[in-house]
Amino acid sequence: MAKPQRNGRGRRDDRGDREDSDLVEKLVSINRVAKVVKGGRRFGFAALVVVGDGRGRVGHGHGKAREVPEAIRKATEKAKGSLVRIPLREGRTLHHDVNGRFGAGRVVLRAADAGTGIIAGGPMRAVFEALGVQDVVAKSLGSSNPHNMIRATFDGLSRCFSPRMVAQRRGRKVSDLVGRREHEAEARE
């Protein structure tokens with residue numbers, strides 16, 4: 001039985017291929033830019049890509065090249081290198097409402113009931129689809145620039161915490177935190 005081939009860093013190739021195969025790639029935008037030179041114009045392309053596994057991991061990347069496929073490839077590689085894990089409630093929505101901000105872009109992300117779907121515009125929709133969120137309501141305020149919207153969305157998602165993470169940080173039990181919510185609701189009634 002032959003051993004799997006190793007690349008230059010001592011890792012096996014088979015593991016990397018498995019991880020790449022189940023990633024969802026979403027092309028958010030392609031921008032054509034022109035550089036004026038002596039002989040005329042030289043065109044270049046900038047691509048913005050979101051990559052996720054559909055189960056709580058997502059990343060974004062930006063790539064520039066003279067050809068569109070090369071720009072997309074560069075952006076995808078950067079996105080795969082910037083994957084972050086976001087805690088999801090029941091694997092379908094966020095744990096709580098959160099605001100995100102980057103530059104002039106501001107976003108509001110709200111958890112939603114089952115069956116709501118993804119109510120979000122353009123670039124934010126791509127992030128949620130790649131992340132695996134099925135129910136969320138999101139609103140973009142301020143800049144409509146796709147780069148700012150995606151960075152603001154990631155800023156908001158980085159502020160999402162599960163009850164387990166909050167309990168661990170406070171040195172409490174999850175039941176203390178979650179149970180308190182139910183007791184407060186009963187007290188109001």
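Numerical summary
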quantity: Inter-residue pairs, beta-carbon under 6 Å, first more than 17 Å from Met124 (Cβ to Cβ) and in the range 85-109, second modelled with pLDDT of 90 or more and assigned to a loop (DSSP other than H, G, I, E, B), 6+ apart; calculated: none
quantity: Qualifying residues in the range 24-74 (those that are charged (D, E, K, R) and touching a residue at least 40 places away in the same chain (Cβ under 8 Å)) - the one nearest to Ile150 (Cα to Cα); calculated: Lys26
quantity: Pick from the range 150-173, criterion touching a Leu at 6+ places or on another chain (Cβ under 9 Å) and among the hydroxyl-bearing types (Ser, Thr, Tyr), ranking: surrounded by the fewest Cβ atoms within 10 Å (Cβ to Cβ); calculated: Ser162
quantity: Test: residue in the range 176-183 that is outside the structural domain of Asp53 (by TED's automatic domain parsing) and under 30 Å from Asn31 (Cα atoms); calculated: no
quantity: Unmet criterion (only one of (1) modelled with pLDDT of 85 or more; (2) surrounded by fewer than 18 Cβ atoms within 10 Å (Cβ to Cβ); (3) closer than 18 Å to Met124 by Cβ) for Arg41; calculated: (3)
quantity: Matching helices (runs of 4 or more DSSP H) fully within the range 112-176 where at least 1 residues are without any contact (Cβ under 8 Å) to a residue 24 or more places away in the chain and among the basic types (Lys, Arg); calculated: 122-131, 163-170
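The values are calculated or read from the model by the stated rules, or taken from the named source; none is laboratory data. Since we're looking at a predicted model, the values are computed, not measured. Heads up, the Cβs are rebuilt from the backbone with ideal geometry, glycines too, and the neighbour counts pull from every protein chain shown.
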